[in-house]
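To start, the structure itself, in structure tokens.
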Amino acid sequence: MLAHRVTDTVKVNRQAFKLPEFTVEAWIYLDTLPDAHLFIVSNLHSGVDQGFFMTINANKVLFTVGSGGGSDYHLFSNSSVPLKAWFHVAGTF
């Protein structure tokens, strides 16, 4: 699947991601850094703490997995996000 702009989205049934282990990945190209969280992938819904998301935040990639019981796991990339170059991101849980 290919999304061409920030406003492009791919919607997947939330039930499809209730797996004990999974990997999400994407290729990203940015001209400028976002002012706030730029969601790459997410299966979170309003008012629900269970699921995962990957964003670009503060020039880093953030991968978060939430169990719904307050036990969230957060991982920031070690490297800064490059501009005007393709880069690959992946998160595994």
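Just so you know, all these numbers are worked out from the coordinates, no wet-lab data involved. Remember, it's a predicted structure, so these values are computed and weren't measured experimentally. For neighbour counting, all protein chains shown are included, and Cβ atoms are generated from backbone atoms with ideal geometry for every residue, glycine included.
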Sorted by chain and number, the residues with a modelled amide H under 5 Å from that of Phe22, at a separation of 5 or more or across chains, are Phe93
Based on the mean of other beta carbon atoms within 10 Å per residue, what is the order of 70-81, 50-61, most packed first? 50-61, 70-81
Space enclosed by the convex hull of the alpha-carbon atoms of the range 23-93, per residue, Å³: 88
